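Okay, so here's the structure we're looking at.
Where a number appears in this text, it was derived from the coordinates with a stated rule and is not lab data. Since the model is a prediction, treat every value here as computed from it, not as a measurement. Positions of Cβ are generated from backbone atoms using ideal geometry, with glycine treated the same way; all protein chains shown enter the neighbour counts.
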Amino acid sequence: MAVRVEDRIFYLETKNTMYQMKADEHGVLLHLWYGRKTENDMEYLLSYPDVGFAGNIYEAEDCRTYSLNTLPLEYGTAGVGDHRIPAVSVTHADGSTALDLRYQEYKICKGKYSIPELPAVYAPEEEAETLEIILKDTATDIRVILKYGIMENLDVITRSAVIVNDGGKPVTINRAHSLSMDMPYGSWEWVHFHGRHTMERQVERASLLHGVQESGSTRGMSSHQQNPSVLLCEENCTETSGFCMGAVLMYSGGFQTQIELDQLNQTRIVMGIHPDTFQWVLDSKESFYTPEAVLSCSCEGMEKLSLQFHKVIRENVCRGKYKMAERPVLINNWEATYFDFDEEKIFNIAQKASELGVDMMVLDDGWFGKRDNDSTGLGDWFVNEEKLKGGLGKLVERINGLGMKFGLWFEPEMISEDSELYKVHPDWAVRIPGRSPMRGRFQLVLDMTRKEVRDYLFQAISRILDSANVEYIKWDMNRSISDWYSMDLSSGRQGEMPHRYVLGLYELLERLMTAYPDVLFEGCSGGGGRFDAGMLYYCPQIWCSDDTDAYERTKIQYGTSFFYPISAVGSHVSAVPNHQTGRITPLSARAVTAMAGSFGYELDLNNLSEEEKTEVAEQIVRFKQYGPLIHNGRYYRLSNPMKDKFGIWSFVSEDKKQVLVQGMIFRTEPNMLRYPVRLRGLDPAKKYQLKDTEDVYTGQALMSGGIFLPQAWGDYVPVELYLTEV
Ligand code: GLA
């Protein structure tokens, strides 16, 4: 049993880790532990200091050391003496904002809970258990159900909360986090992933300061600027040693991660929907479900933590036919043509690509409505026959005739003012009456909270999918959302819109996935602006960044790898000079970087020299050979490209018989020694031979002395070393 309860202490045990809570004599749910499995109750670590200005609950009577402000709480609330960041806060019908949650009962069930209307980790019934702890406010009829999913073999614990209004009057929820956890001891550092468009998930690691530090998004999307994932680690934690814990929020809207270092040097972390763009009126007898936070921890550094997240996200979050399958190598016309194409141009790109071994042609933005630039046409999901003469069906047939699949770009959540749709339904665009709406990339946002809007999109997309053999959809979303207002919501409920938007998006994606189970969905938001575990529940891969520069990509993909599996990373070889940076990198280096993902091309291969075309054909052969190892193997970060002179990573098969080391030496220095890189995850006793050489090494040698990177000459030197057991 993964969950047991003794003396009101809850033990949630996975293979290597343990999570512990206690409902104490006052019914306060205390957080006792998250970390290595100790076979002990960890209550002995509680201390009850007498701290000035740390108030005492009434029932503590003359005990001045029992304070909600100093104890490690499982789900802190506002208004009753804990002055740290609350997990939940509400406004009652009388205007008061206090909530004092006390333990009532618990339930344990087999299997993993699911969450209505929201994505959640799933698992076969025998591989997971669910614990529910029910708390109730001391003075009102508000209950909070804390849900825990315990995935024993994965070393993963999920959390989510349900807020239930059993009272007779509505209550307003101002904040409802998915995760809250207190760590009374330890000197923590946090690692978060910040960036901007074309520069997502840059890794930043910092010590905690007293007070609150935060990463988050109020953009209606998880965003390029911050990612809904966070890592807390001990100061000495490295890739391979030390304790760390991580959390990802399975949510694609605005989120908030806050970390507070309090007056006693205790750390609290909360994570959930961003309260600045959230408010929810909870009617009598209604429940509110928070999104899910997925937690894992490792006593052996970040590498192990990442491997645990890769596995749970790939196998227990991603879904559908392509979840474990090899993905088609694709060619996308965006950087090849932008809006300037017709059916012949697309066919020519496809034809050359198919000759070189590419599996699928993806037609990007510009195939629909009147869309010759980015200011028009969004919403008009019917084929632009001026560009695609003869229609989509004919083009797809010709491309299928090459033995290729065909995929199509959509940006369903948006509307251009210059569109047919806008003429008929200007009211479907999000705007606040009396204000000019904010434009982003000249476009407005469709009100995804409205059923008629989603119905329109479902029908419009279905019509296209039914009209031709479309086997892939790139689902884009190219602006941050503001001007929150929905005509369908009353004035008192406008604060619900950002969350309802995300629910609407998920509902539409679910409908389409169910109706078209064979279609591969790739998520996208100006590249990786919505690269999160919520979207990965619907799309097994996401375009990682609009930056296709191979050097920059080593950093973007490095940051992405802390939580997200390699199979989820959309990555393509593009032309040089690179369109985002002007940088020239060798074709070979662009390919190894793009191989650390779903792999494809984004240029007109007709423009390459004969030599380069041969190279592309060879790259595709290599990817087909290495793809299963890349996607199913264990991934290791062998350097830190944010500061090292090279970006190197590796994939090791589960049976440790195959190793692929890939990456890039950034710059060559004169008279330099060759760089040895220490491999990881090998069998020390096995012997490995380097492909195309007679060189044989023990696993121990490769892990202790390392393997030489190639002698570098020039910049951005590709690395690809394949070793197999002899
Ligand atoms: C976004 C995507 C790109 C491309 C363009 C098309 O920026 O990230 O890959 O599809 O939109 O407009």
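A few points about this structure:
- Filtered by the rule that a residue be more than 22 Å from Pro328 (Cβ to Cβ) and under 13 Å from the mean Cα position of the chain (by Cα), region 531-568 gives Asp532, Ala533, Gly534, Gly559, Ser561, Phe562, Phe563.
- For region 258-298, the tally of residues that are in a loop (DSSP other than H, G, I, E, B), of a type in the set (Ser, Thr, Tyr) and buried (at least 21 other Cβ atoms within 10 Å of the Cβ) stands at 1.
- Wholly enclosed strands (runs of 3 or more DSSP E) of region 88-185 bearing at least 2 residues in contact with a His (Cβ under 7 Å, 6 or more places away or on another chain) and either within 30 Å of Glu507 (Cβ to Cβ) or free of Cβ contacts under 8 Å to residues at least 12 places away in the same chain (or both): none
- Within region 482-494, being in contact with a strand residue (DSSP E or B) (Cβ under 7 Å, 6 or more places away or on another chain) and either small (Gly, Ala, Ser) or within 16 Å of the ligand (Cβ to nearest atom) (or both) holds for one residue alone: Gly492.
- Residue list for region 241-257, filter: assigned to a strand (DSSP E or B) and either under 24 Å from Ser486 (Cβ atoms) or not hydrophobic (A, V, I, L, M, F, W, C) (or both): Gly242, Gly246, Leu249, Phe255, Gln256, Thr257
- Leu465 satisfies every condition listed in (1) within 16 Å of the ligand (Cβ to nearest atom); (2) of a type outside the set (Ser, Thr, Tyr); (3) under 27 Å from Asp359 (Cα atoms) except (1).
- Output for region 402-418, where each listed residue is closer than 20 Å to Arg441 by Cα, within 12 Å of the ligand (Cβ to nearest atom) and hydrophobic (A, V, I, L, M, F, W, C): Trp409, Phe410, Met414
- Taking the criterion of being in a loop (DSSP other than H, G, I, E, B) and touching a strand residue (DSSP E or B) at 6+ places or on another chain (Cβ under 7 Å), the residues of region 535-564 that qualify are Tyr538, Cys539, Cys544, Ser545, Asp547, Thr548, Ser561, Phe562, Phe563.
- Ser482 vs. criteria of a type in the set (Gly, Ala, Ser) and either under 17 Å from the mean Cα position of the chain (by Cα) or surrounded by 24 or more Cβ atoms within 10 Å (Cβ to Cβ) (or both): no
- Being assigned to a loop (DSSP other than H, G, I, E, B), in contact with a helix residue (DSSP H, G or I) (Cβ under 7 Å, 6 or more places away or on another chain) and surrounded by fewer than 19 Cβ atoms within 10 Å (Cβ to Cβ) is a property that Lys389 has.
- Every residue from region 50-87 that is of a type in the set (Asp, Glu) and part of a helix (DSSP H, G or I): Glu59
- Restricting the first member to region 369-384 and to residues that are more than 17 Å from Ser462 (Cβ to Cβ), and the second to residues that are within 11 Å of the ligand (Cβ to nearest atom) and outside any loop (DSSP other than H, G, I, E, B), the beta-carbon pairs closer than 6 Å and six or more apart or on different chains are Leu378/Met414; Leu378/Gln443.
- Scanning region 495-528 for residues that are assigned to a helix (DSSP H, G or I) and within 16 Å of the ligand (Cβ to nearest atom) yields a count of 0.
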